[in-house]
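The values are calculated or read from the model by the stated rules, or taken from the named source; none is laboratory data. It should be emphasised that the depicted structure is a prediction, and the values quoted were computed from it without experimental measurement. We place every Cβ from the backbone using ideal geometry, glycine too, and count neighbours over all the protein chains shown.
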């Protein structure tokens, strides 16, 4: 198990280097430059001022040299000083990371709590109206633009019914540990973020449960006279969880990525929204730090997925 | 015509408090608020769509950060919220008769939150910080202060033009190298607590001021609020400065809340999650149906315009004054304002906006009232006649194509570009709207990219009306020589240059408003006639606040100047 | 795995009732009986036709050009008279229905062409990597892991924020980033197929690489690729709308369903019809594509045949 982890971790290094090159290249090779952007229209701003700032931010060096500088600092977790905030970019991303994780983990839990039972119920009540409804949902859940659904839910639950807040993580002035208040804030964004996953899991679980129910050992269990519920939970569920774990990689990628749009809709102060705004403002260090940290998160979660997979399915050999 | 403009201007100057509903006892008019005794306590939550960047005034380059530094640090002078006229705040100011020496004296009552009095050194610390900083964008503001550039370049250890009165440590004099009429506004500078930032501006310090920990955690303040917490990306929490030298604020806490977009601001105002914020015109009708809020309208200190590239090699027609005039007559700006900003704007025909004192009131300006026939005849005079396909062409057979660029993501400007293109099509011009990313557009503009033909963008103006950076011929970019500037229309006029120079650095040293206003009338008259821009319109700012917020009286130049008088009615 | 004739969740299908057919015949036979998939296909074709024929409808039915404005008739409610107001008018008095048709052209074009690019990049790369293995396969593997390591929306977002895209650049960007799924699948299948007996025997009788790939491997890989591609198109239509929401999709005044939905959302209280119609179009299109993908899977995937066919 330890060797497996070490090997996977080593594999991640060339990946992360590749990611850093891609990120750096597309950020720097694009048209426009940040100094001109944030000095546009400043009274009495001169050409000399422009060149002085370019030098102060180290943007006058050749790009490959800038990359080498950046990389040698990045491995020491220094992603460079933000052009706008004048602070170290990595720290700023890490300050917001818990917010994104909170949203993603809640969404993941919702997916499992709602998606898995839906799929199992659909399989058990195969052909019933419930099955039909769950199957329609399984497809329709994919087809709704998330940002649109978020806006509709805000109009409905926050502005219309006034049940839930329209944005943010916490009511201004409430105690940071007020869990009820936090729950109210996270409900809508987490649900919208979870939707695709819920739909996915309900489909996968339905298929798998049907598959497992048809297998010999389940029929044997039936023959032995065990109650159906026990059969399902003990035998079937464990086996149907394997594809749940398999799907986890893709789900995590959608969670980390999807969070960006959701954060923007619900004013959730996470890394996605922050990196997005930095990209608009061409704040290179933050964009690079944001993408690198989000990617590392993803790469690490892929490793964890493989690990979980190995644990759940004993047939996979961990070498 | 002139009277109409004057009346319009006056109407805009008054912050129209239009209580949005008929709820009895709702609309708190200023007179009611004045007679009531302010209640203590409560919290004000202002919405912003971008987080602050820093709380170091020297580094501030965005509205959000400026709001917080404005709440925690007072300045030596404060411009009037309605007129923009500088008035004493922390200090009083006098100017020598040759307009070269400015003398300031701190108010005897002014104290920092740690109890230390404000002294001349605190202002000098601010100026030295600008000199020491490598990341500030404000150095050029102080270039005319004697000795500043040497200090900034590290050639001197002190700024020779600043002299503190040896007998009175609250009094100091600043000497300018030449007469500069913007000096009185420029010299407001930054007043920083020397006991905190002094260590970053000693002879041996370099650029540590840029990364000082106090930039994100200010410990000593001079303003009505003191810094408590910055939850990154979410909110900045300020608590009242109980020892504020002008009297402690009535409210206990000021929270600056970051939300993702304009829609979220509108939503928060409707639900009461936000105390005040500015909304977009498109949401006004919706917000007006909410009984719990009130709306203050005032004219924005800036305008949205269409800039013509008069040197465009592709849209050659733009070089001709008559064509540009035709483009002004040929667009129904009043109708456009109705469609694009729901009528919440005033048509502009000059560079200066009505709320500025430099706004030309003593000269007759052409209003360019919509007149399609006149536009067509002007185009014809300029040699553009309809070709077989109905599109205008010149004698050489070149078609009149016109690409109107604007920055994407700004719905208002995108719509304006679309509507303008459609109206110009009616004149026979093959016009099309082309939004592009702001960063790319800005680079094209400042480097004088010849592919730009027409650009819709906006200027934010200040209390100081000097238009040198935008309109002086020295500011025209030259791609061949890698010279950059904001004069992207390539339009120049010697008489206009002279008027700008005379109002900026007058040869006779006369910096009075009356004298400068005359110069700006000449300047605006030339612009008005030559139309290097279609000056578009000046938006109304729509400040929405909860009915419970009292004494809230925002104006074009400031919304928070009287924040210590605000109170919340329970 | 149970045989084809075994239980489908309890329903016994007699094996001899089905004549033996090739994979494609078999699929076609099943598809024709899948009413949901048929309905989805018909709807999709209808949507595509409406979009393709947008200029014809605009001129002959609605008598309104798509860029035509009328500042005196903004936010008109949906009505039959005139026909151009069928779905109301927008903020500058353009006909919503006409713009919706033209927007469909753009959105569907982006969706299908970008998916085609994915297909054209993904299949050959996947086949080559899986078949030849070696350093090329290592490189492709690294590239895919790297691209998949970056949350895609971040990558798209940076590229789109930095180079504001039109329809063609958007296609290029999505097309060049989204191919990894298809490649991974192709590669995996190829690796497992090339060890099969009939492939080794084909090599033994002197078949060229090209012949083996095109004759023996590709036909076995293709069916599932089509399923992936159908779902891919739907995903891209959604992606375009999400990018529009972030202000980075197709730029107005060129209409796309994504930017119409985003634009409409900001006028929601004033004119709900501007939000509903593009939303419905996106939803319908994506729904149909997913249903078709599902139907194809049922019909084509031999593994799933036992428990997803009804």
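So the values come out like this:
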quantity: Residue list for the stretch B:189-211, filter: outside any helix (DSSP H, G or I) and modelled with pLDDT of 95 or more; calculated: B:190, B:191, B:192, B:193
quantity: Identity of the residue in the stretch B:206-227, in contact with a strand residue (DSSP E or B) (Cβ under 9 Å, 6 or more places away or on another chain) and within 12 Å of another protein chain (Cβ to nearest Cβ), that ends up farthest from residue A:169 (Cα to Cα); calculated: B:210
quantity: Residues located in the stretch C:51-68, provided they are surrounded by 17 or more Cβ atoms within 10 Å (Cβ to Cβ) and in a helix (DSSP H, G or I); calculated: C:51, C:54, C:57, C:58, C:62
quantity: Verdict on residue A:10 being farther than 21 Å from residue A:292 by Cα and within 14 Å of chain C (Cβ to nearest Cβ); calculated: no
quantity: Residue identified as in contact with a helix residue (DSSP H, G or I) (Cβ under 8 Å, 6 or more places away or on another chain), in contact (Cβ under 8 Å) with a residue 24 or more places away in the chain and surrounded by fewer than 18 Cβ atoms within 10 Å (Cβ to Cβ) among B:103, B:141, B:136, B:157; calculated: B:157
quantity: Single unsatisfied condition, residue B:247 versus (1) touching a residue at least 40 places away in the same chain (Cβ under 8 Å); (2) over 30 Å from residue B:113 (Cα atoms); (3) out of contact with any strand residue (DSSP E or B) (no Cβ under 8 Å at 6 or more places or on another chain); calculated: (2)
quantity: All positions within the stretch C:239-275 that are within 8 Å of another protein chain (Cβ to nearest Cβ), in a loop (DSSP other than H, G, I, E, B) and farther than 18 Å from residue C:114 by Cα; calculated: C:246, C:247, C:252, C:253, C:266, C:267, C:268, C:269, C:270
quantity: Qualifying position, being touching a residue at least 12 places away in the same chain (Cβ under 8 Å) and touching a helix residue (DSSP H, G or I) at 6+ places or on another chain (Cβ under 8 Å), among B:520, B:561; calculated: B:520
quantity: Residue C:293 vs. criteria more than 10 Å from chain B (Cβ to nearest Cβ), under 19 Å from residue B:264 (Cα atoms), surrounded by 23 or more Cβ atoms within 10 Å (Cβ to Cβ) and touching a residue at least 60 places away in the same chain (Cβ under 8 Å); calculated: no
quantity: Qualifying residue in the stretch A:18-33 (condition: away from chain C (no Cβ under 14 Å), touching a helix residue (DSSP H, G or I) at 6+ places or on another chain (Cβ under 9 Å), assigned to a helix (DSSP H, G or I) and without any contact (Cβ under 8 Å) to a residue 12 or more places away in the chain); calculated: no
quantity: Filter result (in contact with a helix residue (DSSP H, G or I) (Cβ under 7 Å, 6 or more places away or on another chain), at pLDDT 90 or above and either part of a loop (DSSP other than H, G, I, E, B) or within 14 Å of chain A (Cβ to nearest Cβ) (or both)) within the stretch B:410-445; calculated: B:427
quantity: Residue match in the stretch B:457-465 (condition: crowded, with 22+ Cβ neighbours inside 10 Å, in a loop (DSSP other than H, G, I, E, B) and facing chain A (nearest Cβ under 9 Å)); calculated: no
quantity: Single condition residue C:250 does not satisfy, out of (1) without any contact (Cβ under 8 Å) to a residue 24 or more places away in the chain; (2) within 27 Å of residue B:421 (Cβ to Cβ); calculated: (1)
quantity: The stretch C:104-139 - residue that is within 14 Å of another protein chain (Cβ to nearest Cβ) and within 24 Å of the chain's Cα centre (by Cα) and, of those, nearest to residue C:192 (Cα to Cα); calculated: C:111
quantity: Failed item in (1) closer than 23 Å to residue A:40 by Cβ; (2) surrounded by fewer than 19 Cβ atoms within 10 Å (Cβ to Cβ), with residue B:472 passing the rest; calculated: (2)
quantity: Filter result for residue B:380 (touching a strand residue (DSSP E or B) at 6+ places or on another chain (Cβ under 6 Å), more than 14 Å from chain A (Cβ to nearest Cβ) and in a helix (DSSP H, G or I)); calculated: no
quantity: From the options B:494, B:532, residue that is within 28 Å of residue A:50 (Cα to Cα), surrounded by fewer than 19 Cβ atoms within 10 Å (Cβ to Cβ) and either touching a residue at least 40 places away in the same chain (Cβ under 8 Å) or out of contact with any strand residue (DSSP E or B) (no Cβ under 8 Å at 6 or more places or on another chain) (or both); calculated: B:494
quantity: Hey, residue C:258 within 20 Å of the chain's Cα centre (by Cα), closer than 30 Å to residue B:289 by Cα and at pLDDT 85 or above or not; calculated: yes
quantity: Flag for residue B:537 being within 21 Å of the chain's Cα centre (by Cα), assigned to a helix (DSSP H, G or I) and closer than 30 Å to residue B:370 by Cβ; calculated: no
quantity: Residue ranges of helices (runs of 4 or more DSSP H) in the stretch B:212-329 with at least 1 members in the same structural domain as residue B:386 (by TED's automatic domain parsing) and buried (at least 20 other Cβ atoms within 10 Å of the Cβ); calculated: B:321-329
quantity: Answer residue from the stretch A:151-176, given it is at the interface with chain B (Cβ under 7 Å from one of its Cβ atoms) and part of a helix (DSSP H, G or I) and is surrounded by the most Cβ atoms within 10 Å (Cβ to Cβ) among those; calculated: A:154
quantity: Within the stretch B:60-98, tally of residues that are away from every other protein chain (no Cβ under 14 Å) and part of a loop (DSSP other than H, G, I, E, B); calculated: 15
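Table: residues versus (1) within 9 Å of chain A (Cβ to nearest Cβ); (2) free of Cβ contacts under 8 Å to residues at least 24 places away in the same chain.
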residue: B:232; (1), (2): yes, no
residue: B:243; (1), (2): no, no
residue: B:261; (1), (2): yes, no
residue: B:271; (1), (2): yes, yes
residue: B:284; (1), (2): no, no
residue: B:289; (1), (2): no, no
residue: B:294; (1), (2): no, no
residue: B:298; (1), (2): no, no
